[in-house]
Structures are given as C-alpha cells and as structure tokens.
C-alpha cells in the first residue's frame, strides 16, 4: 500500500529526516513511535507532500514524491494533522462536506455523515454549530472524520489522542480499529505507548530522524533497551 525508501527532508539547513524506510500493507495499523522532535510528524508531511521529500514514496506502486498534496490526497491517501486544521467559521456538517473529493457524492464511499455521527455523538449534537466553539477534543474528532469522508485507502493520523479525556481516548482506539476493519490502512503517530501497542499490527520507533526499530508490539515489549533509550522520558 505504502512504501517509503531512503526518505530525507529538511527545514532550511536542518536535516530532519535522514533516510527513513517504512512500509504499510493493506488493512494494517502501523504505529510510528518516538519522542518529540525525532521527525515523526515530518515523516507524514513529507509523504503527503507538505514538506519537500528527497527519496522514494510509493503509494499503491505509484511514485508520489514530488506531487502536490492535493494530488496525493486525490489518489486516496488521507492525512489528519496534529494541529486540528478545521474551518472555524463553518459548521460541523459543512466541515465534513468539505472532506469529500471533487465529484464525490456524500455516501458513495465507505463512510457517510451518519457514520461520523454514530462514532462521535458529540459531533451529531453540534452538527449545525460553528466549529470555532467546539472543544479541542471535538475539533480533533472533526478533523479525523473530515478526512474519512474523502474515502481514503490509507490514512495518516498524527497524535489523535492528544489532549483527550480517557473516555474519548478509548473511543478513538475503537474508531481506529473500525477503520482497519473497513480495509483502510493506518499510519498512527502516537505518544501514548499503551494505545499504540494495543491496536497496532506493527510498530516503528524513530530516533534522530531515522527508524531505529521495526517489529511487532510483542517484539517491542521484549526490547527494554529500545524502550529505555528511545521512548521512555
């Protein structure tokens, strides 16, 4: 589904990604772990074309490195950024409609607006309320649902549980598993090790702009050295 090879990225003269390699198969949940500042979010942005990538990014066998972000999105790769990039002056319902691809009719893909409201009842209650008055957690859910409305085959989700209540964290975990059950692959960037280890099929650990570990959650549990050096604060 997604194959990233020798990926490099820069912010000015700062060499942030230094040869990242990873792959995601159809229907997999893959967690990208690591401390703040190691390049996890930059990896997503480089894959999505928001940061200029150096190297190879293949989505369904097609090279997408160098394409514009909207072109990559139209191919079926969704991105939920960490910064809750909503349209504050529009209602919840209007934000969701904007997630549709050009020419896509609501309900034609895997997800409908009612699916979104069933998964997150708070959004249904605020369907016709401007997004600017929603809580940070509600805005995070709205951003995720808006991306799903575009019916992606793979979705990259950056820190979806940041700032959420424990109850909402559990709900997000359920939704991530539902995404996988519908055949959508997921790259999950997450700080909470417990949730990633519970739902991911495989994990990558990043350090200093590179992948320093690749394996299953069970394999990572046996690697105290990796957890201590690259994950524990």
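The values are calculated or read from the model by the stated rules, or taken from the named source; none is laboratory data. In this text the structure is predicted, and so the values were computed from the model without any measurement. Every residue, glycine among them, receives a Cβ derived from its backbone with ideal geometry; neighbour counts consider all protein chains shown.
Please name all residue pairs, on different chains or six or more residues apart, with Cβ atoms under 7 Å, provided the first residue is in segment 161-179 and is without any contact (Cβ under 8 Å) to a residue 40 or more places away in the chain and the second residue is surrounded by fewer than 19 Cβ atoms within 10 Å (Cβ to Cβ) and outside any helix (DSSP H, G or I).
Every condition considered, the pairs that remain are 161/192.
Please go through segment 193-211 and give me each residue that is buried (at least 17 other Cβ atoms within 10 Å of the Cβ) and not in a helix (DSSP H, G or I), ordered by number.
200, 202, 203, 204, 205, 206, 207, 209, 211
Looking only at residues in segment 76-103 that are more than 24 Å from residue 130 (Cβ to Cβ) and exposed (fewer than 15 other Cβ atoms within 10 Å of the Cβ), which one is nearest to the chain's Cα centre (by Cα)?
102
Could you please tell me which pairs satisfy a Cβ distance under 8 Å, a separation of 6+ or placement on different chains, a first residue in segment 54-78 that is within 14 Å of residue 24 (Cβ to Cβ), and a second residue that is exposed (fewer than 14 other Cβ atoms within 10 Å of the Cβ)?
57/63; 64/71
Within segment 37-71, can you find the residues that are in contact with a helix residue (DSSP H, G or I) (Cβ under 6 Å, 6 or more places away or on another chain) and part of a helix (DSSP H, G or I)?
48, 69
Quick one: how many residues across segment 127-136 are surrounded by fewer than 20 Cβ atoms within 10 Å (Cβ to Cβ) and in contact (Cβ under 8 Å) with a residue 24 or more places away in the chain? Before you say what the answer is, go through the steps one by one.
Just the residues of segment 127-136 that are surrounded by fewer than 20 Cβ atoms within 10 Å (Cβ to Cβ), to begin with: 127-130, 132-133, 135-136.
Narrowing further to those that are in contact (Cβ under 8 Å) with a residue 24 or more places away in the chain: 127-130, 132, 136.
Looking only at that region, the number is 6.
Counting just the residues of segment 178-193 that are over 20 Å from residue 60 (Cβ atoms) and under 13 Å from the mean Cα position of the chain (by Cα), which one comes out modelled with the lowest pLDDT?
Ranking the candidates gives 191 first.
Sort out which residues of segment 212-228 are more than 19 Å from residue 194 (Cβ to Cβ) and part of a helix (DSSP H, G or I), and write them in order of number.
Across segment 212-228, the qualifying residue is only 225.
Could you grab me the full set of residues in segment 108-120 that are modelled with pLDDT under 85 and either under 16 Å from residue 95 (Cα atoms) or touching a helix residue (DSSP H, G or I) at 6+ places or on another chain (Cβ under 9 Å) (or both)?
Residues satisfying the conditions are 109, 110, 111, 119, 120.
With the structure loaded, tell me whether residue 223 is without any contact (Cβ under 8 Å) to a residue 12 or more places away in the chain and surrounded by 15 or more Cβ atoms within 10 Å (Cβ to Cβ) or whether it fails that test.
yes
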